[in-house]
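One structure below.
The values are calculated or read from the model by the stated rules, or taken from the named source; none is laboratory data. Nothing here was measured: the structure is a model prediction, and the numbers come from that model. Counting neighbours? That spans all protein chains shown, and the Cβs are built from the backbone with ideal geometry, glycine included.
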Amino acid sequence: MLPTPAKNLLAYCAHLDYSKSDEAQMIDRSTVAIHPIHLAIGDPLLSSLLELTLTEAGYQTLIFPSARKLWESLPTHRPRFIITEGRFSDGFEALNLCRLVRHDYPWPYVYIYVISRRHETEAIEDMLDAGANDYSVKPVNPAQIRTHILVGMRWLTYIDAMTTQKSSPAT
């Protein structure tokens, strides 16, 4: 038996027409109050790939060289969507970022997508337990990135719709 949030998400996604083209399936970005997608990427090649892919898909990006730098910027920038690599040379990893975002900030929900070289089940479970919403193992390609962004946007749209319903007075 699925928990209630999973049932709600399945019900929300049931109306989507998967026979339509990718362009027709894109979530209207105006329905989710998305600031630029924040990228914590130390790998210059991955950073370029993500920036190009996201820009071509119509998203703005804000790039940080590490998860620590992104974390330090959060009080100012308040992102809704974060894409981060798993590990950084300064020792502050995506695992730390996920835990801190989930436990230390009372802002609207933040979707976190982690891209890492680590493919071990335990590493993936640890990241998801820390608060990541999505996880991909390197290497990634543009189509895969766009798919994960679409999932994140759907999730944020759903969260915002549920939040709006709860805050609206009953009629």
Does the stretch 132-140 contain at least one residue that is closer than 21 Å to residue 93 by Cα, in a helix (DSSP H, G or I) and either of a type in the set (A, V, I, L, M, F, W, C) or at pLDDT below 95 (or both)?
no
For the stretch 136-158, pairs from a residue that is crowded, with 18+ Cβ neighbours inside 10 Å to a residue that is charged (D, E, K, R) and assigned to a helix (DSSP H, G or I), with Cβ under 9 Å and 6 or more apart or across chains, are 153/29
Got a number for residues in the stretch 99-122 being more than 21 Å from residue 147 (Cβ to Cβ), of a type outside the set (D, E, K, R) and free of Cβ contacts under 8 Å to residues at least 40 places away in the same chain?
7
